[in-house]
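Bear in mind that the values in this text are calculations on the coordinates, not laboratory data. Only a predicted model underlies this, so the values are computations on that prediction, with no experimental measurement involved. Please note: Cβ atoms are built from the backbone with ideal geometry, for glycine as well, and neighbour counts cover all protein chains shown.
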Amino acid sequence: MSSATKASRIGEELWKTRVDKVNAELVTLTYGTIVAQLCQDYDGNYHEVNKQLEKMGYNIGMRLIEDFLAKSNVGRCANFRETADMISKVGFRIFLNIAPTVTNWTSDNNQFSLIFDENPLADFVELPDDGRAQDELWFSNILCGVLRGALEMVQMQIEAHFVSDVLRGDDTTEMRVSLVRYIEDEMPPDEE
Amino acid sequence: MSYYFTILSPTDVPLFNIAFGTSKSGGDGIARFRFPDTAQYMNQFIIHSSLDVVEEAQWMNGNMYLKHIDTYPPASAYISAFLTPSGARFLLLHQPPQLPSNSAGAGGSMSGSLLLGSGGSSSRASASSVAANPTSPQTEEAVRQFMTEVYENYVKTVMSPFYRQGMEIKSSVFRGRVTAAGRKWL
Amino acid sequence: MAVFSLIIINKAGGLVYQREFQPGLRKLSTNDYLVLAGTFHGVHAITRSITPKLPLAAIPNPPITPTTATTPSPNIASPSSTSTPTPSSSSASAGGYTYPNPGVPATGLESLETDKFRLTCFQTLTGTKFLLFTEPTMANIDVVMKKIYELYADFVMKNPFYQLEMPVRCEAFDRNLQGWLRGRA
């Protein structure tokens, strides 16, 4: 648990000293508008909207990771569990001021869930009542892309998707993150 | 006391309406207007007819809550109004079960649990009851609390990215919250 | 205490940024800078791969710093060392040899010094390399490096029109970098 505590401390410190704050409604409304516009542009094809959000997040993640590293000055994580703590306690903390719970590890330590008790992106949101959005749209899907993009830049290929969302009437908002592999393109040929 | 609440857009398009009865003094929260069930549109006529008064009253002072602004004696319907800064109007029609002069003496005839299907009086009047007197300070205050709470929820609802300005409010969450506010204050 | 120039190399070994901060430096041609970047990228990878390993029996001993240009650093790491969750299992599969300090991954060339200048290399976890040419006596290069990384994150990575891995042409980055270095001198 020490890596989690350490991560909490780093996140707390950065949040207090290094992070510029903006009005939460500005973020919420901006993001909401983007999603609503996408839904309109894609004519209610929510699978496509999910895909676009993920792609947008991916591009954000690839850039945001540098900011994360430059600010936090943390070293490489020794294992995926440590990575999960960093994501939750430092990453989400400094960018959204939340710290989703890391839980539901598989026994091989390659998959975990993030439970979002709060989600600033989804404040005020009520999904369209067209009978499909409730089943098809993952409103905060951009976050999956952010994680994928950010971790890819630090040599981790992951897959992330939401499995439940309070917006859909579920009890919790849960994202499932699975490590696919460590990317080793820079690996010297003689390594094990 | 029975209530009919409606939200009108700045261009007088109805965005939301709901009818409910009092929950105070043993009320069961079910609206029982004096019109026959076939004439519920009367509520809408009466409430819309007060819009002229709202337009006059809105310039009288800077408050958002305009208090009781209009009465329609034939149905003993009382209208209270609340303005949002963006120009939406919240109108609440309240109608006592009997004429206000009678209702003071009609207290205690039945308890709320026995009211199902009785169609008549739904309030057990007492001096401090909201239902007793539509123009009393207590009622004004209760309506103000109700309006304020609805306003807070209205703001949250129209902030939903999927709500377009001027669109009917279909959110069941909002309806639930208005019902809860009605139960709490009226 | 002067900073002479800065070179940024992307993770594929391509030159993406090059600036001088002092007048009177001999210029290289663009092509030479590209070759320099590519060459350094290769040398860096080689220095990392020749990091000596110790027999497993030596692990209980205190970590011994290898005598090459390579110095273990917590901030710079080779991706290979993270390929398995625990360092000990990776060393086992390496046939009984491991890095001197298993918790700290091997890194490549970090600094190179001549009479007239010092080259300091900082590789981020994402693989981007910052090469800073300074006077050999200059202290606190890590502070300068960290600030440059922050400016890079702010004005390059957060510029929505900057394409990743492409040459950096961000006027705001130039301006802030030069302003900060000048203010420091």
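Details
- For C:Y152, C:Y33, the sequence from fewest to most other C-beta atoms within 10 Å is C:Y33, C:Y152.
- Shown for B:M147, C:M145, A:M156: other C-beta atoms within 10 Å of each C-beta, ranked fewest to most, produce the order C:M145, A:M156, B:M147.
- Gyration tensor (Cα) of the stretch A:95-164, equivalent ellipsoid semi-axes in angstrom: 24, 14, 14
- Per-residue extension of 0.36 nm, minus the Cα-Cα distance of B:V155 and B:K184, leaves a gain of 8.5 nm for this segment.
- Charge sum, other residues only, whose C-beta stays under 11 Å from A:M86's C-beta, Lys/Arg counted +1 and Asp/Glu -1: +3
- Candidate cross-link partners of A:K16 among the lysines, defined by an alpha-carbon separation under 30 Å and a same-chain spacing of 8 or more, comprise A:K6, A:K71, A:K89, B:K156, C:K129, C:K146, C:K147, C:K158.
- Short-range pairs are left out: with C-alpha atoms under 8 Å and at least six residues apart, the relative contact order of chain A is 25 percent.
- Burial ordering of C:K146, B:K24, fewest other beta-carbon atoms within 10 Å first: C:K146, B:K24
- For chain A, hydrophobic long helices are taken as DSSP H runs at least 15 Å long by C-alpha position along their axis with mean Kyte-Doolittle hydropathy of 0.5 or more; these are A:24-41, A:142-153.
- Taking Lys and Arg as +1 and Asp and Glu as -1, the other residues whose beta-carbon sits under 12 Å from that of A:M156 total -1.
- The orientation-averaged projected area of the convex hull spanned by the Cα atoms of the stretch A:1-71 comes to 6.5 nm².
- Average other protein chain Cβ within 10 Å of Cβ, residues A:65-74: 6
- Amide hydrogen neighbours beyond the local backbone of A:F124, cut-off 5 Å, H modeled: none
- Charge context of B:T157, other residues only, Cβ under 15 angstrom, K/R +1, D/E -1: -2
- Ranked by how many other beta carbons lie within 10 Å on average, peptides C:18-29, B:71-82, A:165-176 from highest: B:71-82, A:165-176, C:18-29
- Filtered trypsin sites (Lys or Arg not before Pro), the stretch A:1-71: DSSP coil and at most 10 other beta carbons within 10 Å: A:K21
- Along principal axes, Cα extents of chain A, largest first, whole Å: 55, 38, 29
- Relative contact order of the stretch A:103-192, defined on C-alpha pairs under 8 angstrom at six or more residues apart (%): 30
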